[in-house]
Protein chains: 2
Amino acid sequence: MPGPNVAVVGAGAVGCYYGGMLARAGTNVTLIGRSRHVEAINRNGLLFKSGDVEERISIAATTDMAVVGSAQLVLFCVKSLDTDEAARAMAPHLAPAAVVLSLQNGVDNVERIRSHVKNQVMPVIVYTAAQMPAAGRLEHTGGGNLVIGQMNDVRTNDESERRLLEEIAALFTAAGVPTKISETIEVELWVKLVLNCAYNAISALTGSLYGRFIAMPEIRRIMTDVVDEIVQVAQAKGIRLPDNIVETTMKLAEVLPRTRSSTAQDIMKGKPTEIDHLNGYVARQGEALEIPTPVNRTLAALTKLLEQTKLDSSG
Amino acid sequence: MPGPNVAVVGAGAVGCYYGGMLARAGTNVTLIGRSRHVEAINRNGLLFKSGDVEERISIAATTDMAVVGSAQLVLFCVKSLDTDEAARAMAPHLAPAAVVLSLQNGVDNVERIRSHVKNQVMPVIVYTAAQMPAAGRLEHTGGGNLVIGQMNDVRTNDESERRLLEEIAALFTAAGVPTKISETIEVELWVKLVLNCAYNAISALTGSLYGRFIAMPEIRRIMTDVVDEIVQVAQAKGIRLPDNIVETTMKLAEVLPRTRSSTAQDIMKGKPTEIDHLNGYVARQGEALEIPTPVNRTLAALTKLLEQTKLDSSG
């Protein structure tokens with residue numbers, strides 16, 4: 001796949017960061033998003049701040065989903081709550097050979113995208129701290145690495161599959177986005193789910209930065225409960241999480257002490273959150289599998305109420 | 001006890017409401033509180049708004065705990081987190097025959113007050129919605145009834161005890177505060193604890209009004225868990241909560257749909273909350289009794305983090 005056309009579906013922080021990095025490195029990228037960001041980007045380019053450096057990246061942007069048809073590689077970067085709607089809108093336009101990468105939180109997006117499209121769909125685990133403080137303006141504050149892999153249920157282990165993964169990884173890596181290929185991408189998806197479930201809701205409900213979480217024993221305790229509950233649910237679904245998953249979870253706050261979660265950012269902006277696909281997903285799976293998940297369930301319910309209260313803004 | 005001198009320790013919403021009602025009815029009342037409220041009350045009287053009616057009640061106010069010495073009846077109305085400090089400060093000044101009434105949330109205040117004073121101390125259950133929107137200004141929006149009773153561990157059932165309870169109840173009732181005497185005041189204390197634990201933290205964490213809680217099945221579910229956990233803990237401590245306690249709990253939101261909890265008010269004002277004496281108390285007792293209380297524990301931890309975040313105001 002030399003020099004593929006790339007379409008990015010969803011011009012939020014994740015889409016703008018990875019689309020911007022590829023465009024900056026010379027790849028032909030089109031962002032497909034909501035009119036607010038699209039208009040700003042068409043007017044001023046993508047304002048791209050990473051650390052102390054601010055650039056203006058010239059990149060195509062449109063609200064028209066049909067342009068996805070000219071892409072060989074699609075970065076699917078909408079929020080998990082918009083997955084079905086966006087995948088359904090994308091489906092009639094996709095070239096049959098196009099590869100769709102899901103750069104999303106949650107563990108069931110690939111399955112949900114596949115229910116709408118016949119294309120090859122692969123998950124990508126995103127570890128980045130980025131936000132859109134204004135239309136067309138991206139602020140990247142940390143991380144960026146990706147992990148990519150083929151899901152077990154469709155994995156062929158043949159030469160062409162291996163080459164495709166390597167080409168995608170090379171494309172990103174050459175653009176300054178270190179990308180690892182994982183043979184156990186399902187486990188990576190669940191590890192990311194654990195981190196999201198342990199941090200996102202608590203950050204949204206308290207407005208607190210990650211560094212403060214782990215300084216408080218009571219919070220470390222409920223974070224540990226969140227992880228333990230997910231380990232049980234994952235195991236019942238045939239996923240064995242690493243033995244050191246609690247330590248890995250706590251470690252994130254040391255690496256990103258001044259971070260607020262994407263869920264907290266959504267709440268502050270009065271936008272719907274992904275909570276149904278994070279702690280809410282764990283709670284629903286726990287219910288179905290008869291595994292108690294009281295702490296995930298509580299965090300999901302509280303975040304849902306907070307979200308609805310903010311959306312209405314009338315208490 | 002005809003026409004007792006009454007001292008109110010703690011000039012917050014509860015102290016100002018009940019002190020104000022007694023003063024309004026002609027009882028000799030002195031409020032003892034922090035300088036901010038005391039100065040405002042000495043300057044302008046107590047501004048007392050109940051429903052649509054606003055009055056200015058002339059009432060003595062001081063920061064000097066020593067004046068508690070001239071009271072036959074003391075309304076102890078500080079937040080549960082200030083119980084030990086206030087009781088210790090009050091102890092050397094109390095007249096030996098003075099009766100102390102604890103008008104506080106939580107179930108262990110009487111025991112904690114008694115550890116500092118030798119006087120008779122009785123609990124009073126407060127059902128009122130009131131707040132202090134500014135110094136010296138009380139706003140009463142609903143309820144007001146009291147329930148009083150002698151604790152089992154010191155109950156004599158003799159004539160003088162019965163008469164004392166009836167005189168106190170009559171004093172309040174004559175002042176427009178309907179007051180019931182309960183033979184099972186411990187159960188009443190735990191019922192109030194249940195209501196506080198089911199509403200206060202959720203209100204503080206989400207900023208939502210009570211009416212919205214019970215409209216959301218996920219929230220009703222965690223409220224039910226909160227209640228069930230407390231029923232178990234109470235039972236292990238020899239308290240049998242009423243069979244319809246879950247219904248009673250849900251009912252409160254129908255009666256007070258537009259209410260925010262005192263914990264939410266504390267958070268909004270950047271003040272410490274009583275959470276350690278509400279869900280935090282349940283969690284600690286559960287721990288000691290080896291009864292799982294994950295939902296109470298989660299609510300306590302989150303509220304504690306929210307409180308510390310707001311107190312620091314730096315995230």
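Right, A:Ile219: surrounded by 19 or more Cβ atoms within 10 Å (Cβ to Cβ) and within 14 Å of chain B (Cβ to nearest Cβ) or not?
Details: surrounded by 19 or more Cβ atoms within 10 Å (Cβ to Cβ): yes; within 14 Å of chain B (Cβ to nearest Cβ): yes.
It is true that A:Ile219 is surrounded by 19 or more Cβ atoms within 10 Å (Cβ to Cβ) and within 14 Å of chain B (Cβ to nearest Cβ).
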- Message: When the residues of segment A:33-54 are narrowed to those that are open to solvent by less than 10 Å² (accessible area, probe 1.4 Å) and part of a strand (DSSP E or B), which ends up farthest from A:Gly144 (Cα to Cα)?
- Response: A:Leu46
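Does A:Ala283 fit the bill of being among the small types (Gly, Ala, Ser), more than 13 Å from A:Val233 (Cβ to Cβ) and either buried (at least 18 other Cβ atoms within 10 Å of the Cβ) or facing chain B (nearest Cβ under 10 Å) (or both)?
Values: among the small types (Gly, Ala, Ser): yes; more than 13 Å from A:Val233 (Cβ to Cβ): no; either buried (at least 18 other Cβ atoms within 10 Å of the Cβ) or facing chain B (nearest Cβ under 10 Å) (or both): yes.
Judged against the criteria, A:Ala283 is not a match.
Taking the conditions exactly as written (touching a helix residue (DSSP H, G or I) at 6+ places or on another chain (Cβ under 8 Å) and open to solvent by less than 10 Å² (accessible area, probe 1.4 Å)), does A:Ile59 satisfy them or not? So that I can check it myself, show each step before the final result.
Values: touching a helix residue (DSSP H, G or I) at 6+ places or on another chain (Cβ under 8 Å): yes; open to solvent by less than 10 Å² (accessible area, probe 1.4 Å): no.
So A:Ile59 does not fit the description; no.
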- Item | B:Pro178 open to solvent by 30 Å² or more (accessible area, probe 1.4 Å) and within 14 Å of chain A (Cβ to nearest Cβ) | no
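Residue-by-condition table, conditions (1) within 13 Å of chain B (Cβ to nearest Cβ); (2) open to solvent by 10 Å² or more (accessible area, probe 1.4 Å); (3) of a type outside the set (Val, Ile, Thr):
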{"site": "A:Arg258", "(1), (2), (3)": "yes, yes, yes"}
{"site": "A:Ser262", "(1), (2), (3)": "no, yes, yes"}
{"site": "A:Lys269", "(1), (2), (3)": "no, yes, yes"}
{"site": "A:Asp276", "(1), (2), (3)": "yes, yes, yes"}
{"site": "A:Asn296", "(1), (2), (3)": "yes, no, yes"}
{"site": "A:Leu305", "(1), (2), (3)": "yes, no, yes"}
{"site": "A:Gln308", "(1), (2), (3)": "yes, yes, yes"}
{"site": "A:Ser313", "(1), (2), (3)": "yes, yes, yes"}
- If A:Ile202 satisfies every condition in (1) within 15 Å of A:Ala264 (Cα to Cα); (2) away from chain B (no Cβ under 11 Å) but one, which is the exception? (2)
- Query: When you go through (1) within 12 Å of another protein chain (Cβ to nearest Cβ); (2) at positive phi one by one for B:Gly238, which number turns out not to apply?
  - Reply: (1)
- Note on the structure: Of B:Leu138, B:Leu189, B:Leu165, the only residue that is outside any loop (DSSP other than H, G, I, E, B) and either in contact with a Leu (Cβ under 6 Å, 6 or more places away or on another chain) or surrounded by fewer than 21 Cβ atoms within 10 Å (Cβ to Cβ) (or both) is B:Leu165
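Kindly indicate whether A:Gly211 is farther than 23 Å from A:Leu302 by Cβ and surrounded by fewer than 24 Cβ atoms within 10 Å (Cβ to Cβ). Can you show your working first?
Numbers: farther than 23 Å from A:Leu302 by Cβ: no; surrounded by fewer than 24 Cβ atoms within 10 Å (Cβ to Cβ): yes.
Here the answer is no, as A:Gly211 does not meet what is asked.
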- Message: Whether any residue in segment A:229-237 is under 20 Å from the mean Cα position of the chain (by Cα) and surrounded by 14 or more Cβ atoms within 10 Å (Cβ to Cβ) is what I want to check.
- Response: yes
- Note on the structure: Given the conditions (1) under 19 Å from the mean Cα position of the chain (by Cα); (2) open to solvent by 30 Å² or more (accessible area, probe 1.4 Å); (3) under 18 Å from B:Arg112 (Cα atoms), every one holds for B:His93 apart from (1)
- When (1) small (Gly, Ala, Ser); (2) touching a Gly at 6+ places or on another chain (Cβ under 9 Å); (3) open to solvent by 40 Å² or more (accessible area, probe 1.4 Å) are applied to A:Ser115, the one that fails is (2)
- Query: Among the residues of segment A:245-254, is there at least one that is within 30 Å of A:Ala134 (Cβ to Cβ) and either surrounded by 15 or more Cβ atoms within 10 Å (Cβ to Cβ) or hydrophobic (A, V, I, L, M, F, W, C) (or both)?
  - Reply: yes
- Item | Condition check for A:Thr206: open to solvent by less than 10 Å² (accessible area, probe 1.4 Å) and not hydrophobic (A, V, I, L, M, F, W, C) | yes
- For segment B:177-190, pairs from a residue that is within 25 Å of B:His140 (Cβ to Cβ) to a residue that is open to solvent by 60 Å² or more (accessible area, probe 1.4 Å) and part of a strand (DSSP E or B), with Cβ under 8 Å and 6 or more apart or across chains, are B:Val177/B:Asn145; B:Pro178/B:Asn145; B:Thr179/B:Asn145; B:Lys180/B:Asn145
- Residue that is surrounded by the most Cβ atoms within 10 Å (Cβ to Cβ) [pool: residues in segment B:141-162 that are free of Cβ contacts under 8 Å to residues at least 12 places away in the same chain and not in a helix (DSSP H, G or I)]: B:Arg155
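Please go through segment A:222-235 and pick out each residue that is closer than 20 Å to B:Asn296 by Cα and either more than 10 Å from chain B (Cβ to nearest Cβ) or of a type in the set (S, T, N, Q) (or both).
Applying the first criterion (closer than 20 Å to B:Asn296 by Cα) to segment A:222-235 yields A:222-230.
Scanning segment A:222-235 gives A:Thr224, A:Val227, A:Asp228, A:Ile230.
Picking from A:Ala130, A:Ala135, A:Ala201, A:Ala170, which residue would you name as being on the phi < 0 side of the Ramachandran plot and at pLDDT below 95?
On the way: A:Ala135 fails: at pLDDT below 95; A:Ala201 fails: at pLDDT below 95; A:Ala170 fails: at pLDDT below 95.
So the residue among A:Ala130, A:Ala135, A:Ala201, A:Ala170 that is on the phi < 0 side of the Ramachandran plot and at pLDDT below 95 is A:Ala130.
Tell me which residues, restricted to segment A:256-315, are hydroxyl-bearing (Ser, Thr, Tyr) and in contact (Cβ under 8 Å) with a residue 24 or more places away in the chain. Talk me through it step by step, then tell me what you get.
To start, the set of residues in segment A:256-315 that are hydroxyl-bearing (Ser, Thr, Tyr) comprises A:259, A:261-263, A:273, A:281, A:293, A:298, A:303, A:309, A:313-314.
Across segment A:256-315, the qualifying residues are A:Thr259, A:Ser261, A:Ser262, A:Thr263, A:Thr273, A:Tyr281, A:Thr293, A:Thr303, A:Ser313.
The values are calculated or read from the model by the stated rules, or taken from the named source; none is laboratory data. If you're wondering where the values come from, they're calculated on a predicted model, not measured in any experiment. Neighbour counts are summed over all protein chains in view; Cβ atoms, including those assigned to glycine, are modelled from backbone coordinates with ideal geometry. Note: accessible area is taken over every heavy atom of the protein model, side chains too, but ligands, DNA and RNA are not part of it. Shrake-Rupley method; radii C 1.70, N 1.55, O 1.52, S 1.80 Å.
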